[in-house]
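Enquirer: Sharing a structure below in structure tokens format, with a few things to ask.
The values are calculated or read from the model by the stated rules, or taken from the named source; none is laboratory data. This is a predicted model, so every value here is computed, not measured. Reconstructed Cβ throughout: ideal geometry from the backbone, glycine too, with neighbour counts over all protein chains shown.
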Amino acid sequence: MADAKEVHAYFEKLRGGSLNTIQSTLDRLYRKGLLRRQKQRHAFQYSAAKPRTAFIEELIKEVTQDFIEGDENNLLAAFASMSGELDDQQFEKLEQMIKLYRQSNEELNS
């Protein structure tokens with residue numbers, strides 16, 4: 001958990017920006033459901049509303065839906081383009097994940 005001053009102190013070194021900008025951003029993220037906050041003394045303490053992996057999973061699902069709505073080939077084309085940046089170890093892990101997914105789907109459909 002961190003308050004706006006702590007977040008500002010962290011980002012000021014990296015990107016600059018005013019405390020007011022940080023407070024507004026934290027409030028927007030809270031209203032969008034991405035952060036939780038608790039009032040402690042005179043300041044809100046902010047924390048992530050969900051674990052990083054859950055957030056990334058949700059984001060990927062939303063992006064995937066955007067691609068599929070037009071044409072599912074768009075998603076495959078985007079993935080093929082991005083896969084050029086993967087190394088052999090990442091490809092191996094991806095292949096294993098696909099294999100496990102297929103096996104679990106076959107078991108469910110049997």
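Enquirer: Please go through segment 10-25 and pick out each residue that is on the phi > 0 side of the Ramachandran plot and touching a helix residue (DSSP H, G or I) at 6+ places or on another chain (Cβ under 9 Å). Break it down stepwise before answering.
Expert: Residues of segment 10-25 that are on the phi > 0 side of the Ramachandran plot, as a first pass: 16-17.
Passing the criteria: only Gly17.
Enquirer: Any residue in segment 49-63 that's under 23 Å from Met1 (Cβ atoms) and basic (Lys, Arg): show its pairings with residues that are at pLDDT 90 or above and surrounded by fewer than 10 Cβ atoms within 10 Å (Cβ to Cβ) at Cβ separation under 9 Å, as long as the two are six or more apart or on different chains.
Expert: Lys50/Gly33
Enquirer: Continuing with the same structure: Out of the helices (runs of 4 or more DSSP H) lying entirely within segment 1-102, which hold 1 or more residues that are hydroxyl-bearing (Ser, Thr, Tyr), exposed (fewer than 10 other Cβ atoms within 10 Å of the Cβ) and at pLDDT 90 or above?
Expert: On the way: elements: 4-14, 19-31, 52-70, 72-83.
Output list reads 52-70.
Enquirer: Show the residue pairs meeting these rules: Cβ distance below 8 Å; 6+ apart or different chains; first residue within segment 4-25 and of a type outside the set (A, V, I, L, M, F, W, C); second residue exposed (fewer than 14 other Cβ atoms within 10 Å of the Cβ) and in a loop (DSSP other than H, G, I, E, B).
Expert: Listed pairs, sorted by first residue: His8/Gly17; His8/Ser18.
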